[in-house]
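Take a look at the structure set out below.
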Amino acid sequence: MEEEIVELAVRSGMPRMTARVHVDLLLSEDGRRTAAELTRRLKVSPASVSVAVNFLVQQGYVRRERDPRRRRDIYVVDDEAWYHSVVISARLTLESARAAMTGAETVGLDTPVGQRMARCGAFLERITLDLVESADRWRTLLA
């Protein structure tokens, strides 16, 4: 099962090492691991884990917590991570939509390029806002 989930993540565009780290966290009993645990379990370098975790944190799949007693980071995946990941992705898509609309105005809405960019921007904006609204509405399923 683990390898199937990794392959699905890779096919959707996630780097393989990142997918391995994410799946290991997802399938852990409490959804928590240190970098040392990930390195040992996956038999990879600390640098590989660091790159993968940074990507996962940036995309909202994982959060970083500090263990004050042992002065090390703990990486955590929880149910809210799915919500945050959707919102972060939507925010980036919304930026693209708005850039397309700005570009349309720059080249002129009366040109074929401007019209195409305006349609693309409007489409991306609408579906992204719908996605965020839906994520907000169904967020309670994660609780």
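Overview of values
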{"item": "Residue in segment 76-85 that is hydroxyl-bearing (Ser, Thr, Tyr) and open to solvent by 40 Å² or more (accessible area, probe 1.4 Å) present", "result": "no"}
{"item": "Subset of segment 24-34 [hydrophobic (A, V, I, L, M, F, W, C) and at pLDDT 95 or above]", "result": "Leu25"}
{"item": "Criterion: farther than 20 Å from Met14 by Cα and assigned to a helix (DSSP H, G or I) - qualifying residue of Ala52, Ala97", "result": "Ala97"}
{"item": "Inter-residue pairs, beta-carbon under 6 Å, first more than 12 Å from Met101 (Cβ to Cβ) and in segment 112-138, second in a helix (DSSP H, G or I), 6+ apart", "result": "Val113/Val107; Thr128/Ala90; Thr128/Thr93; Thr128/Leu94; Leu131/Ala90; Val132/Ala90; Ala135/Tyr83; Ala135/Val86"}
{"item": "In segment 5-38, residue nearest to Asp79 (Cα to Cα) [restricted to those that are assigned to a loop (DSSP other than H, G, I, E, B) and more than 13 Å from the chain's Cα centre (by Cα)]", "result": "Gly31"}
{"item": "Residue match in segment 38-48 (condition: in contact with a Ser or Thr (Cβ under 7 Å, 6 or more places away or on another chain) and in contact (Cβ under 8 Å) with a residue 12 or more places away in the chain)", "result": "no"}
{"item": "Residue within segment 64-74 that is in contact with a helix residue (DSSP H, G or I) (Cβ under 8 Å, 6 or more places away or on another chain), of a type in the set (A, V, I, L, M) and either without any contact (Cβ under 8 Å) to a residue 60 or more places away in the chain or open to solvent by less than 50 Å² (accessible area, probe 1.4 Å) (or both) present", "result": "no"}
{"item": "Some residue of segment 116-126 being at pLDDT 95 or above, small (Gly, Ala, Ser), more than 21 Å from Ser12 (Cα to Cα) and touching a helix residue (DSSP H, G or I) at 6+ places or on another chain (Cβ under 6 Å)", "result": "yes"}
{"item": "Qualifying position, being at pLDDT 95 or above and either within 27 Å of Leu8 (Cα to Cα) or in contact with a strand residue (DSSP E or B) (Cβ under 8 Å, 6 or more places away or on another chain) (or both), among Leu92, Leu109, Leu42", "result": "Leu42"}
{"item": "Thr102, sole failed condition from (1) surrounded by 16 or more Cβ atoms within 10 Å (Cβ to Cβ); (2) of a type outside the set (Phe, Trp, Tyr); (3) within 26 Å of Gln58 (Cβ to Cβ); (4) over 20 Å from the mean Cα position of the chain (by Cα)", "result": "(1)"}
{"item": "Selected residue [of a type in the set (D, E, K, R), open to solvent by 30 Å² or more (accessible area, probe 1.4 Å), within 25 Å of Arg16 (Cβ to Cβ) and assigned to a helix (DSSP H, G or I)] from Arg119, Arg91, Arg137, Arg41", "result": "Arg41"}
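The values are calculated or read from the model by the stated rules, or taken from the named source; none is laboratory data. On a predicted model such as this, the values are computed, not experimentally measured, just so you know. When we count neighbours, we look across all protein chains shown, and the Cβ atoms used for this are built from the backbone with ideal geometry, even at glycine. Keep in mind that these areas ignore ligands, DNA and RNA; they rest on the heavy atoms of the full protein, side chains included. Shrake-Rupley method; radii C 1.70, N 1.55, O 1.52, S 1.80 Å.
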